[in-house]
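Encoded as structure tokens, the structure appears first; notes follow it.
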Amino acid sequence: MKVAVIQMVSGADVAANLQQASALLQSAAQAGAELLVLPEYFCLMGQQDADKLAIGEPEGQGPLQQFLAQTAQRLGVWLVGGTIPLQSATDVARVCNTSLVFSPQGLRMARYDKIHLFRFDNGLERYDESVVLAPGSVPVSFDLPSKDGHTWRVGLSVCYDLRFPELYRAYATAGAHLLLVPSAFTYTTGQDHWEVLLRARAIENLAFVAAAAQGGLHDNQRRTWGHAMLVDPWGKVLAQREDGVGVVLAELDFATLEACRSRLPALQHRVV
């Protein structure tokens, strides 16, 4: 199955971000990708975190959800919409950071709300997503019947979730073959932790990992790390892009996954 992870440098103009995303997705589809993954906050990297509240949509309706559904149908692909802000059912003051999955028919197949909310303060940079985001609580996976004849089970996660291996182990236990990590990692943390964490999640769960990313200097002067990449179950980086806007493509081979799990059946050796 050919997978594309998109790298963007989204800004404060939603319409411009959607136009750029559309062009990148078109390019990925033309290259033969069957599953396309946008990065976290692909629709908006605002001047301040509260800007997300202004574009928060009710579940099932709104221009961002319409864009994703129509694009998936138009291109005939599986599309994972990075994240968009959806209104919280329980907290009117905050929104959920939501990853939505659409089928080639434009039907919504899964919704995952980011569980772990990023907080960081090194004296120079300070982030606290909980100010405007309401956390999710439920791991979510979906099954993708691929043109390669296999049904891939895909586990959903977002950015800071990457630091919590128990989420991915739960997916592996539930039979996941592919783990998605659309992200907007900061430059500061990304340069030290991004690749090693992605490869670790792949190795320990003997699963493919697909990580879309934000990668560059944004309108709000925040700099993201980029390095969108695809990793195989042995921890090998199949393809990546360091920074800037682009499409990262790789063919994920189900036989490779089966071979890794056969020669090193670590998932069967778990004791605790």
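Computed quantities for the displayed model
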read-out	value
Single match in Leu238, Leu206, Leu264 (criterion: touching a strand residue (DSSP E or B) at 6+ places or on another chain (Cβ under 8 Å) and closer than 29 Å to Thr173 by Cβ)	Leu238
Test: residue in the stretch 7-18 that is within 19 Å of the chain's Cα centre (by Cα), β-branched (Val, Ile, Thr) and assigned to a strand (DSSP E or B)	no
Hits in the stretch 137-150 (condition: part of a loop (DSSP other than H, G, I, E, B) and small (Gly, Ala, Ser))	Ser137, Ser146, Gly149
Cross-chain or 6+ apart pairs with Cβ under 6 Å, the stretch 193-220 first and closer than 16 Å to Pro182 by Cα, then assigned to a helix (DSSP H, G or I) and basic (Lys, Arg)	Val209/Arg201
For Ala15: the one exception among (1) farther than 27 Å from Leu178 by Cα; (2) surrounded by 16 or more Cβ atoms within 10 Å (Cβ to Cβ); (3) modelled with pLDDT of 95 or more	(2)
Residue in the stretch 223-237 that is more than 17 Å from the chain's Cα centre (by Cα), under 25 Å from Ala16 (Cα atoms) and at pLDDT below 95 present	no
Which listed residue, of Leu144, Leu178, Leu162, Leu133, is within 15 Å of Ala210 (Cα to Cα), aliphatic (A, V, I, L, M) and in contact with a helix residue (DSSP H, G or I) (Cβ under 8 Å, 6 or more places away or on another chain)	Leu162
Given (1) part of a helix (DSSP H, G or I); (2) in contact with a His (Cβ under 6 Å, 6 or more places away or on another chain), index of the condition Arg153 fails	(1)
Flag for Gly46 being assigned to a loop (DSSP other than H, G, I, E, B), under 30 Å from Trp152 (Cα atoms) and either at pLDDT 95 or above or not polar (S, T, N, Q) (or both)	no
Enumeration of residues in the stretch 98-122 that are part of a strand (DSSP E or B) and touching a Leu at 6+ places or on another chain (Cβ under 8 Å)	Thr98, Ser99, Leu100, Val101, Phe102, Arg108, Ala110, Arg111, Tyr112, Asp113
Selected residue (criterion: nearest to Asn97 (Cα to Cα)) from residues of the stretch 182-205 that are crowded, with 18+ Cβ neighbours inside 10 Å and β-branched (Val, Ile, Thr)	Thr186
Those residues of the stretch 19-43 which are in contact with a strand residue (DSSP E or B) (Cβ under 8 Å, 6 or more places away or on another chain), over 20 Å from Ser183 (Cα atoms) and in a helix (DSSP H, G or I), in sequence order	Ser27, Ala29
Qualifying positions in the stretch 179-194 - farther than 25 Å from Ser262 by Cα and outside any loop (DSSP other than H, G, I, E, B)	Thr186, Tyr187, Thr188, Thr189, Gly190, Gln191, Asp192, His193, Trp194
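Rundown of residues vs (1) crowded, with 19+ Cβ neighbours inside 10 Å; (2) at pLDDT 95 or above; (3) small (Gly, Ala, Ser), yes/no style:
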| residue | (1), (2), (3) |
| --- | --- |
| Tyr160 | yes, yes, no |
| Leu180 | yes, yes, no |
| Gly215 | yes, yes, yes |
| Ala255 | no, yes, yes |
| Cys260 | yes, yes, no |
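For every residue, the table says whether it meets (1) closer than 16 Å to Ser146 by Cβ; (2) touching a His at 6+ places or on another chain (Cβ under 7 Å).
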position	(1), (2)
Lys2	yes, no
Gly11	no, yes
Ala16	no, no
Leu24	no, no
Tyr41	no, no
Gln47	no, no
Ala50	no, no
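This table checks each residue for (1) touching a Pro at 6+ places or on another chain (Cβ under 7 Å); (2) closer than 24 Å to Leu238 by Cα; (3) surrounded by fewer than 19 Cβ atoms within 10 Å (Cβ to Cβ); (4) not hydroxyl-bearing (Ser, Thr, Tyr).
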{"site": "Met1", "(1), (2), (3), (4)": "no, yes, no, yes"}
{"site": "Gly11", "(1), (2), (3), (4)": "no, no, yes, yes"}
{"site": "Ala28", "(1), (2), (3), (4)": "no, yes, no, yes"}
{"site": "Gly46", "(1), (2), (3), (4)": "no, no, no, yes"}
{"site": "Gly81", "(1), (2), (3), (4)": "no, yes, no, yes"}
{"site": "Leu86", "(1), (2), (3), (4)": "no, no, no, yes"}
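The values are calculated or read from the model by the stated rules, or taken from the named source; none is laboratory data. All values reported here derive from a predicted model rather than from experimental measurement. Reconstructed Cβ throughout: ideal geometry from the backbone, glycine too, with neighbour counts over all protein chains shown.
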